[in-house]
Amino acid sequence: MSELALPDYDDVAAASLRIAGYANQTPVLTSRTANDWFGAQLYFKCENFQRMGAFKFRGAMNALSQFTPQQKAAGVVAFSSGNHAQAIALAAKLLGIPATIVMPHDAPAVKVAATRGYGGQVVEYNRYTEDREQIGRQLAEQHGLTLIPPYDHPHVIAGQGTAAKELFEEVGELDALFVCLGGGGLLSGSALAARWLAPRCKVYGVEPVAGNDGQQSLRSGQIVHIDTPQTIADGAQTQHLGKYTFPLICQNVDDILTVTDDALVECMRFFAERMKIVVEPTGCLGFAAARDVRETLRGKRVGVIVSGGNVDISRFGQLLAGQDQR
Ligand SMILES: *Cc1c(COP(=O)(O)O)cnc(C)c1O
């Protein structure tokens, strides 16, 4: 694949037009309880209400709708056990593109079923003995498929930025925006939207403390690689930022913060009890960090991207119950 240029705000705006009619314009929710507690005005952009349950549909749809006729005919391949797999499978189905998804043999049955349900052809691999990237690339070469990575691609980044774009267009300028961070597709796209639509807004990425490679990378000025982190935030178990996401984050993001798994569970509980919404652990990263620094947010207008809601409901219950026992 030839090198593509770093995306800019125009690419986010173009993505918005491309995905309109396919993606949901998700609701921005507010909570008096949260506002009173923070002494601030909070706006939650709820991507748990996006199609397939997470913002990743935006990037997938933006990437696949730019395929050439030949690419469309041959198909797309992605490797993921999580939301990216479902996003690619659904976007491909809507556009009539065959999709092959490389998933670990022990991926949760619900996720395999969801991916198949969207029409994706699932290729299983043994995650202890086989390299999924190699399998993905092999399939791509053998069958002429186009590989779409989960975050490090300009079209994916531009698509993910449309959520923050919608947020600013709906509520106006903000003083701070808190964004979940894995490989950085959502954060770098959101930061592009913020720089253009709300230039004074501070933009913060938020990672699990167990996997703070993004924070280390931003502070050291080079991409830091870590082992797969142990955290309940399965959407943020990435090992490193990407060659597109890292420079965008360095240019446009003010800081990267970290939160504990316990804080994520407390936020899941808050979202469920107070706001009546199901948010997956990774989707709680932004709110958890805002909560930690709430003293600094008094009197401010604060945006929080709630990135997704795909969590097995019995696991959801177990996580909340575990907290009760402490
Ligand atoms: C993928 C994902 C993230 C992380 O997004 P990146 O673009 O990899 O940083 C956060 N939350 C959810 C729900 C996700 O699926």
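The values are calculated or read from the model by the stated rules, or taken from the named source; none is laboratory data. What you are looking at is a predicted structure, and each value in this text was computed from that prediction instead of being measured. FYI the Cβ positions are ideal-geometry reconstructions off the backbone, even for glycines, and counts take in every protein chain you see.
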Q) How many of the residues in the stretch 203-222 are surrounded by 17 or more Cβ atoms within 10 Å (Cβ to Cβ) and not in a helix (DSSP H, G or I)? A) 7
(Q) Any residue at all in the stretch 278-294 that's part of a helix (DSSP H, G or I), buried (at least 16 other Cβ atoms within 10 Å of the Cβ), at pLDDT below 95 and touching a Cys at 6+ places or on another chain (Cβ under 9 Å)? (A) no
Q. For residues in the stretch 55-71 being within 12 Å of the ligand (Cβ to nearest atom) and not basic (Lys, Arg), which is farthest from the chain's Cα centre (by Cα)?
A. Ala60
Q. In the stretch 177-200, which residues are surrounded by fewer than 24 Cβ atoms within 10 Å (Cβ to Cβ) and outside any helix (DSSP H, G or I)?
A. Ala198, Pro199, Arg200
(Q) Among the residues in the stretch 231-249, are any modelled with pLDDT of 95 or more, part of a helix (DSSP H, G or I), in contact with a helix residue (DSSP H, G or I) (Cβ under 6 Å, 6 or more places away or on another chain) and within 11 Å of the ligand (Cβ to nearest atom)? (A) yes
Q: Within the stretch 304-317, identify whether any single residue is crowded, with 17+ Cβ neighbours inside 10 Å and either in a helix (DSSP H, G or I) or acidic (Asp, Glu) (or both), and answer yes or no.
A: yes
Q. Yes or no: Val12 among the β-branched types (Val, Ile, Thr), in contact with a helix residue (DSSP H, G or I) (Cβ under 8 Å, 6 or more places away or on another chain), under 21 Å from Pro149 (Cα atoms) and surrounded by 22 or more Cβ atoms within 10 Å (Cβ to Cβ)?
A. yes
Q: Quickly run through the stretch 220-242 and pick out the residues that are without any contact (Cβ under 8 Å) to a residue 24 or more places away in the chain and more than 19 Å from His84 (Cα to Cα).
A: Ser220, Gln222, Ile223, Val224, His225, Ile226, Asp227, Gln230
Q | Whichever residue in the stretch 23-40 is over 18 Å from the mean Cα position of the chain (by Cα) and within 24 Å of Gly189 (Cβ to Cβ) and, among such residues, is surrounded by the fewest Cβ atoms within 10 Å (Cβ to Cβ) | A | Thr30
(Q) Could you tell me how many of the residues in the stretch 180-206 are out of contact with any Asp or Glu (no Cβ under 6 Å at 6 or more places or on another chain), of a type outside the set (Gly, Ala, Ser) and more than 9 Å from the ligand (Cβ to nearest atom)? (A) 8
Q.
Show me the helices (runs of 4 or more DSSP H) found entirely inside the stretch 72-150 where at least 2 residues are away from the ligand (no atom under 16 Å from the Cβ), closer than 22 Å to Gly184 by Cβ and of a type outside the set (Ser, Thr, Tyr).
A. 132-143
Q: Report yes if Glu266 is in contact (Cβ under 8 Å) with a residue 12 or more places away in the chain and within 15 Å of the ligand (Cβ to nearest atom), otherwise no.
A: no
Q) Quick one: would you say Phe246 is within 22 Å of Ala176 (Cα to Cα) and of a type outside the set (A, V, I, L, M)? A) yes
Q: Please go through the stretch 34-51 and pick out each residue that is more than 10 Å from the ligand (Cβ to nearest atom) and assigned to a helix (DSSP H, G or I).
A: Ala34, Asn35, Asp36, Trp37, Phe38, Phe49, Arg51
